[in-house]
1. So which DSSP H runs in the chain come out at 15 Å plus along the axis (Cα) with average Kyte-Doolittle of at least 1.0?
2. So which chymotrypsin sites (Phe, Trp or Tyr not before Pro) in region 14-92 pass both tests, a DSSP loop state and at most 13 other Cβ atoms within 10 Å of the Cβ?
3. With a ≥ b ≥ c the root eigenvalues of the C-alpha gyration tensor of region 246-303, is it rounded (a/c under 1.5), prolate (a/b larger than b/c) or oblate?
4. By how many nm would the segment from Lys249 to Leu336 grow when fully extended, if each residue of separation counts as 0.36 nm and the alpha-carbon distance is taken off?
5. With labels modelled as points extended 7 Å from the Cα through the Cβ direction, what inter-label distance (nm, one decimal) is found for Ile394 paired with Ser268?
6. Output the relative contact order of region 3-113, whole-number percent, from Cα pairs under 8 angstrom with separation of 6+ residues.
7. Which far-off residues, 5 or more places away or on another chain, put their amide H under 5 Å from the one on Val213, with H placed in the peptide plane?
8. How much accessible area does Leu42 have with a 1.4 Å probe, in Å² rounded to the nearest 10?
Amino acid sequence: MEASKHKLGLVGAIFFIVASLAGSGVIALPQQLAAIGSITLLSFLLVTAGALCLTLVYVRAGALFDDPSPTGLSTYVNPILGAKSGLFYVYSNLISNVSILIAGLGYITYFVPSLNHPIVLGIVVICLIWVFTLLSLRGAKFVTLVVSCSVTVLLLSVFLTAFLGWFSFDVHLFEQNWNVTNLPPGKAVLSGFAVLLFSYVGVEAVANNYEHVNNPKRNVPIATIVGFVIVAILYIVSTTVIEGMFTAKVIQNQPASFSLSIAHIFNSELLGQLSSIVMAVACLSSFLVWNISVVSAAKTSADKGFLPKIYSYTNKYNVGSRGLLVNAAIMTLVELGLMFLGSNIAVAFNLTVTISVLLVLFPYFWSGIALIKKGFETGKHSYFDITIVSLSSIFILSAFESANFAELWLVIACVMGALAGYVLVFAIQSK
């Protein structure tokens, strides 16, 4: 009874999904997509369709599996795949957690330009990692309460842009921004997949935290689909409007794109600055959601023997407190690496996003295969399941097209190393 007080209901679970998706994904999109052009509207529609299929995979998994997390589903396919997926899912999301903080700080550069200096940026990011980790120790319900308030205000800025921005929308400007690269149209459309996929990473957030949700068999599927639909509509409409309000060059040079749009819509620099602060706070606070989500995924892997047992320990709030501290140390090392490379906000965000997305694609892919395997084993083949898994798999594989050779090489090396390591571990354990 005491534990259930700290669990999420349906509304809380929906906010958990919205916060994990909208917190950092939406505010960084306009600037990232402006480097390609408004042709990314086509990319957006394709990625949204693929992400919807992936969302439906986790909706179905929530109804069919006791553990519908990516690690749990991958383990159902094969223990070695589960081990590898658990490793990649946890550590790819630790990398993307760093990018969440970087994106949020991008909205503060208007007031503190020195944040663009790699050393200053790195020190602030490391301080935030540890402050937010300590806050995360209070559990999912506390985190959702904090984040739902800030993300609600963030969504207000996105909502105002999505609807009032049409009064300032210029069709000719949108056409002028269509393809600002020298790439063929098809390549330009695919080049936006990685950053767009990052904006939808999190559809499995509630499934990952099923232990923190009341009546998960009912609430996990509903929260997943409702949260996705809310965010997808706001994503597409708001970014499309901005691409018709300013030139691509202006958007590229402005990390706080939504603050720019609010200032333009209301002809008020003050409101733009206020929006910038609100967006920064909301984005930074969404780190809390992901911090809880990642440590929950790590606990699932640790309970199966795939990660160190330190992740299995939970405090009185049912949170992997020791795992949180380990993850904070790892994220600190990631940020120190970015400082060493001399990465500013734009470079650091692009690098962390691309690597984290490519790694998380593997757990996503095996999650779909788990549904198909379930159908074969139970003898209850579902054409709906086959369809959504096939479409989501095509979507996942096409996302690799957006990566360059060096990024693909790094991912292949990680996959080979992880598989080799876990094969040896399982061989030793079987003796």
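The values are calculated or read from the model by the stated rules, or taken from the named source; none is laboratory data. Remember, it's a predicted structure, so these values are computed and weren't measured experimentally. Please note: Cβ atoms are built from the backbone with ideal geometry, for glycine as well, and neighbour counts cover all protein chains shown. SASA here: full protein model, heavy atoms, side chains in, ligands and nucleic acids out. Shrake-Rupley method; radii C 1.70, N 1.55, O 1.52, S 1.80 Å.
1. 10-34, 40-64, 79-106, 118-136, 140-164, 216-243, 269-303, 321-341, 345-378, 383-399, 405-429
2. none
3. prolate
4. 28.3 nm
5. So the label points at Ile394 and Ser268 sit 4.7 nm apart.
6. Computed value for region 3-113: 20 percent relative contact order.
7. Close amide H contacts, sequence-distant or interchain: Leu8.
8. We get 70 Å² for Leu42.
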